[in-house]
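Undergrad: Let me begin by handing over the structure; questions about it come next.
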Amino acid sequence: MHLTPVEATLIGATVGALASFGGTWFIQRATLARERENRIWERRATVYEEALTSVNRGERFRAGVLATGDLPRVPEQRGREVEADLVLARLRIYGSPRVVDAHVRTVAAMTRWITHFAAWKEQAAHGTTPVRAQTDPLWAAVLQEAERASGVEQQFVSIVQAEIQAEEAVRPLRSRVPWRRRRP
């Protein structure tokens, strides 16, 4: 088979155009994937910050209650419950299952502490126990649940920090090699 110069030129131009199109398509796909990954990472980081802020707020709240033996007046408590629900929803969308589970345990521990505190407060309101007496079993339960809640919150913080540090260590490699990305 013998090619004329025109046929060779057409074949060369076609192969060049296909290679150019394929390269452009591949680069465009890799760029879109990297941009999507960066958007998800930014949203994940934002919700992790919100969750950690919530944990810090809970720690300060608990410390204040334990110091005074009284619940502070919080007029927008319903707003905080809605905020906590939003954080949990965002964690379920963008966070890893490990972080979501740790956050659920944190909320459960805080709820248990508040329940024990409410039981102690009810008893104290009826005058059946001295305020924050070390011999009172209900106050001891409040302190024990406060300690447990603090430990669960610290575990949550550690899990979030470990995940963020591991993610940042993997991200440069994943952005260079888009077909080797692992799905979280």
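Undergrad: What net charge is computed for the residues neighbouring Ile93, neighbours being all others with C-beta under 12 Å from the C-beta of Ile93, Lys and Arg scored +1, Asp and Glu -1?
TA: Working: positive: Arg43, Arg44, Arg90, Arg92; negative: none.
Result for the local shell: +4.
Undergrad: Between Glu35 and Ala67, 0.36 nm times their residue separation minus their Cα-Cα distance comes to what? Walk me through the numbers on the way to the answer.
TA: On the way: separation 32, 0.36 × 32 = 11.52 nm, distance 4.80 nm.
Taking 0.36 nm per residue and subtracting the Cα distance, the gain is 6.7 nm.
Computed from the coordinates by the stated procedures, all read-outs in this text should not be read as laboratory data. Since this is a predicted model, take the numbers as computed values, not measurements. All Cβ positions, glycine included, derive from the backbone under ideal geometry; neighbour counts span all protein chains shown.
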